[in-house]
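Read through the structure below, which is laid out as structure tokens, and then see the notes.
The values are calculated or read from the model by the stated rules, or taken from the named source; none is laboratory data. Just so it is clear, the structure is predicted and the values come from calculations on it, not from any experiment. Glycine gets a Cβ as well: all are built from the backbone with ideal geometry, and neighbour counts include every protein chain shown. These accessible areas exclude ligands, DNA and RNA; they are computed on the full protein's heavy atoms, side chains included. Shrake-Rupley method; radii C 1.70, N 1.55, O 1.52, S 1.80 Å.
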Amino acid sequence: MSAHYDWSCRDDDSSRIDGAPVVARGLMAANPNRGDAAMFPIRLAVLSSLLLASTVNAAAPRYLTLLNRAHDSITTLEVATAGSGAFEQRPIDSVDGGGGSTTVRLGNAGCRFDLRLQFRNGRRAIYHGVNACKGDTLVIAPLG
């Protein structure tokens, strides 16, 4: 016995197999609005997670590794938002000259910071506009 399949489109969401109407249900329904309604919670969840991830990243603290290639140890570090002049001291252990390194927390907002360093011999150096979003290490060059 062979079956006759009629897959022509109809407004009533039904097809006929051997002359009897069969109603499409679930994911196979011909009504695209039902599929969109079923996808709404999934789309909403994905969009919400993307928005949350971008918000968390924007407020993430910025860290920077200082690599001291200067001849003297760094004894003091002060950090300010770039151009503000409002330096705040950050606690650090002495960073040995000739290759010593340490990682410091710069701040919670923005990418650009000014860093003021003081060395064991009393000299100071200021690094302006250090972009912590583009790199994670600042190499401190020997003072001239």
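Starting from the residue with the highest accessible area, list Cys111, Cys133 in decreasing order, probe 1.4 Å.
Values: Cys111 45, Cys133 65 Å².
The ordering from most to least exposed comes out as Cys133, Cys111.
Accessible area, 1.4 Å probe, largest first: how do Leu67, Leu117 sort? The partial results should precede the final answer.
Numbers: Leu67 35, Leu117 5 Å².
Solvent-accessible surface, decreasing: Leu67, Leu117.
Please calculate the 1.4 Å probe accessible area of Val139, with all protein chains present, and give it to the nearest 10 Å².
Near enough 80 Å² of accessible area.
Between Ala82 and Asn108, how many nm apart are label points set 7 Å from Cα along the C-beta direction?
About 2.2 nm, to one decimal.
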